[in-house]
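Visitor: Supplied in structure tokens, the structure appears directly below.
No lab work stands behind these numbers, since they all come straight from the coordinates. What you are looking at is a predicted structure, and each value in this text was computed from that prediction instead of being measured.
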Amino acid sequence: MVKKILDQNNLINREIINSYDLDYIFSDSPINRLKNEPLVANKIEKLNELKEKIQNIQNCELKKNASKIVFADGNINSSIMIVGEGPGQKEDELGKPFVGDAGMLLNKMLKAININRKNIYITNVVNFRPPNNRKPEPDEITKYSNFLRNHISIIDPKILVLMGSTAMESLFGSKIKISKERGNWKEVIINNKTYLTIITFHPAYLLRQSDQKKYSWEDLKNIRKKIEELNINI
Ligand code: URA
């Protein structure tokens, strides 16, 4: 009898999990369910709404040419959020950010500072693959930047990592240069909240310019140091 009830509960749990329209990986760490459940449900709802809004974007060349939306990956409750540029071929095929060569390098970079990719949250400036992997046009970056700002607000990270010039331009405009700005802590205000932000090189750029990895390594160590300073559990 007890076993039958347990089996039924497992079945219901599985159905609830399967009904989520999101491919997020939730943190394994224990949570206070009573305290966090409404917040998490609210986050999931907001993320679903945002994903739907992006899915319904009109007059977008990127969407017309892509096979599917690439929304995000990782732990929605993470204190660390990474923003890349846009999906490549593999990402477009699988519907997940950073799963191709740049993604493999990103995983290694994170591992080098003792971070498991599963424990952070990753998204891109544009959520549909640009044709032939071209850089998103300035008007496309602008068009998607409201979505990105909204995305950041929902995740509410303690540290925001902008990888590459497209991510930098999306939040800081095109007047600054990544070669000058990378590695410095900055603040970005979104919906009246200030987010601690660091700009660093994109892994795809590092694959082409391996002599720049030394700067990227400085930034990664800097990020690790900030994690310790802020007592972030990751
Ligand atoms: N490059 C990006 O900026 N994002 C991805 O998801 C993959 C490659």
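Visitor: What translational D, rounded to a whole number of µm²/s, comes out for segment 89-234 from Stokes-Einstein when the hydrodynamic radius is the Kirkwood one over Cα pairs, at 20 °C and 1.002 mPa s?
Guide: Details: Rh = 15.9 Å.
Result for D is 135 µm²/s.
Visitor: Hey, which lysines would be in cross-link range of Lys46, C-alpha to C-alpha under 18 Å, not counting anything within fewer than 8 residues on its own chain?
Guide: Filter leaves Lys193.
Visitor: Please tell me which of these pairs span more than 31 angstrom C-alpha to C-alpha: Lys143/Lys180; Lys175/Lys214; Lys68/Lys226? Show your work: numbers first, answer last.
Guide: Working: Lys143/Lys180 26 Å; Lys175/Lys214 25 Å; Lys68/Lys226 35 Å.
As for pairs spanning more than 31 Å Cα to Cα, those are Lys68/Lys226.
Visitor: Right, another one. Per residue of segment 49-59, in order, report the coupling 6.51 cos²θ - 1.76 cosθ + 1.60 (Karplus, θ = phi - 60°) as ³J(HN,Hα) in whole Hz, putting x for Gly and Pro.
Guide: With coefficients 6.51, -1.76 and 1.60, one gets 4, 5, 4, 5, 4, 5, 4, 9, 4, 9, 6 Hz.
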